[in-house]
Amino acid sequence: MRKIFSILLLSLFLCFGTGYAQNEAKEGQKSSLEQLAESEKEKGNVASARYNYIRSFEDYANKGQTKQSVLCGVKATALYYNENFYEEAFNLLHRVDNVIASSTQSAAAKAALQYLVVKERMQMYVKLRKPQSAKDQLNIMESQANASNDEEVKNDLLYTKAVYYYTFGMNAQGNAVFKEMAQKLTSSKEYDKVEEAYKTLIANGRRSNSASMVAQSYSSYTAWKDSVTALKYADEISALKKQIADNEATISDKDSSLTTRWAIIIGLGVLAAALAAALIVGAIVLLRFILLTRKQQKTIKLANDNNALKAKFISNISAQLEPTLKKLDSRQPEVKALLDFSEHIQTLSELENSMDEEVEMEEVQMAQFCEDIVSQIRNKVRQDVTVKVDAPRMSALINRDYVSHILLHLLDNAVLYTPEEGHIALDFKKRGAHTHQFLVSNTGSTIPEEQRDNIFKPFLEIRDLTKGDGLGLPICKQMALKMKGDLDIDPAFTKGVRFILELHS
């Protein structure tokens, strides 16, 4: 089924930056702390990896190895905001700024390192879906790239601009910037870098399930491949023509004998035949590549069409079954379970098919709203369980129906799974000028880490529908995404389970 995510995914960029001349040999070697951080990251121990990257950042800074310090600080920052710890990420980048400012490097070297820091800020704003803030950082990156006087940094800026424009649906601007980068690298005959950039762009589109971006990237890549193949062959022909001219001049200057001339002519004939054969082989390879690319484009389109048809088919089945099921005795647990399942399937399908539609928002007083929500589940709570509400007297812009549905579902689950003398809490926190969170927590057993990603995915296992269909949390997740927010489990909460509904106004 189709999912729309912010392309964030912004994973592969060109490497650049310079360091102290006297520390060049030292900065080429990774410290034991940095090696430990990388090892923890490969094992999936995010918190430990982040902690050791921060230690590496501080250790390198104390030793005057600015470049390595900045690189470790940037890696730790990414591990923060990938888990939505934005405040910590911004604070760490501020510390990295101070390290760069206090270093004795040249202005150009500082600019190259500062470019890395600003780029992380830009990527955070992209993930937060704040296009104007991301654009402001992009402007700063352009200033730093010019000051660095580093062609690799400038090439990276062009690629980053293209990803920014594609992320926020400005495909025309993205195409223009990407074309500028491709032309620049092509003119300098850095064909491998252009091909790597195209493949990265296509991979980003696949990871973000953006069929239009993949198809557009493939189309541009095919056109570029055709043109660069022609350029390569033109270069080869030009080189051969020059070689022929040089040989003829040499023959004319050094040897006028007829025998020698015939030998050279025969040799040139063989060379021309070899070139013709090479051109034929190249044309065959190019044709096969074009056919394969077009086949892949058709495959992508077919897969997207099939997904849409499957979603519509499932929704239609559910809608057709509902009138029949309603004629049965809804007091029977099995009938009620089937009715609920049918309704949940339709709700989930409608949400996924309308992800691009805007959600109506209204200004709501949070203290009263949270109290009203909790009052709806108090009669279900056991007497020995404590229910607490903590919400400031302030207003926020939300979709009342979606947020109410999500919170009531989470609180109903909390009522079911909270043990004797346990605690249930609903908190509202303001995390920034336009970011706020609802936190629903309860004491008791935790959800195993290996199961946390799967609880938001529908239809992963066959269930006894009388014991729940497993679609409640997937529906809540889709509602959160449709509001340009997210719903997830707080990995730092160890006394039970805490869900975080984060919204942006």
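Please verify whether the range 287-309 includes one or more residues that are modelled with pLDDT of 65 or more, among the acidic types (Asp, Glu) and part of a helix (DSSP H, G or I).
no
Is it true that Asp384 is of a type outside the set (Phe, Trp, Tyr), farther than 17 Å from Ile406 by Cβ, at pLDDT 80 or above and touching an Asp or Glu at 6+ places or on another chain (Cβ under 7 Å)? Spell out how you get there, then give the answer.
Details: of a type outside the set (Phe, Trp, Tyr): yes; farther than 17 Å from Ile406 by Cβ: yes; at pLDDT 80 or above: yes; touching an Asp or Glu at 6+ places or on another chain (Cβ under 7 Å): yes.
So Asp384 passes the test.
If a residue must be touching a residue at least 40 places away in the same chain (Cβ under 8 Å), assigned to a helix (DSSP H, G or I) and polar (S, T, N, Q), how many such residues does the range 61-101 contain?
3
Across the range 414-436, what is the total count of residues that are in a strand (DSSP E or B) and either open to solvent by less than 20 Å² (accessible area, probe 1.4 Å) or more than 20 Å from Asn84 (Cα to Cα) (or both)? Spell out how you get there, then give the answer.
As a first pass, look at the range 414-436 and keep what is in a strand (DSSP E or B): 423-430, 435-436.
Subset that is either open to solvent by less than 20 Å² (accessible area, probe 1.4 Å) or more than 20 Å from Asn84 (Cα to Cα) (or both): 423-426, 428, 435-436.
Going through the range 414-436 one residue at a time, the tally reaches 7.
Give the number of residues within the range 43-70 that are surrounded by 23 or more Cβ atoms within 10 Å (Cβ to Cβ) and hydrophobic (A, V, I, L, M, F, W, C).
Adding up the residues that qualify gives 2.
Of the numbered conditions (1) farther than 22 Å from Lys457 by Cα; (2) under 29 Å from the mean Cα position of the chain (by Cα), Val335 fails exactly one; give the number of that condition.
It fails just one condition, (2).
Quick check on my filter: what residues within the range 460-497 are open to solvent by 60 Å² or more (accessible area, probe 1.4 Å) and either in a helix (DSSP H, G or I) or in contact (Cβ under 8 Å) with a residue 12 or more places away in the chain (or both)?
Residues satisfying the conditions are Thr466, Lys467, Lys484, Asp488, Pro491, Thr494, Lys495.
This table checks each residue for (1) modelled with pLDDT under 95; (2) touching a strand residue (DSSP E or B) at 6+ places or on another chain (Cβ under 9 Å).
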{"site": "Ser69", "(1), (2)": "yes, no"}
{"site": "Cys72", "(1), (2)": "no, no"}
{"site": "Leu79", "(1), (2)": "yes, no"}
{"site": "Asn82", "(1), (2)": "yes, no"}
{"site": "Tyr86", "(1), (2)": "yes, yes"}
{"site": "Ser102", "(1), (2)": "yes, no"}
{"site": "Ala108", "(1), (2)": "yes, no"}
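Checking the conditions here, which among Ala211, Ala249 is more than 17 Å from Val194 (Cβ to Cβ), out of contact with any helix residue (DSSP H, G or I) (no Cβ under 8 Å at 6 or more places or on another chain) and either modelled with pLDDT of 70 or more or of a type outside the set (D, E, K, R) (or both)?
Only one candidate passes the filter, namely Ala249.
Hey, could you check the range 153-194 for residues that are open to solvent by 40 Å² or more (accessible area, probe 1.4 Å), assigned to a helix (DSSP H, G or I) and of a type in the set (D, E, K, R) and say which is nearest to Thr229 (Cα to Cα)?
Asp192
Report, by residue number, each residue of the range 124-152 that is of a type in the set (Asp, Glu) and either at pLDDT 90 or above or not in a helix (DSSP H, G or I) (or both). Spell out how you get there, then give the answer.
Step one: list which residues in the range 124-152 are of a type in the set (Asp, Glu), which gives 136, 142, 150-152.
Scanning the range 124-152 gives Asp136, Glu142, Asp150.
The values are calculated or read from the model by the stated rules, or taken from the named source; none is laboratory data. All figures in this text were calculated on a predicted structure; none of them were measured in a lab. No Cβ is skipped: glycine too gets one built from the backbone with ideal geometry, and neighbour counts run over all protein chains shown. Areas reflect the complete protein model, heavy atoms only, side chains present, ligands, DNA and RNA absent. Shrake-Rupley method; radii C 1.70, N 1.55, O 1.52, S 1.80 Å.
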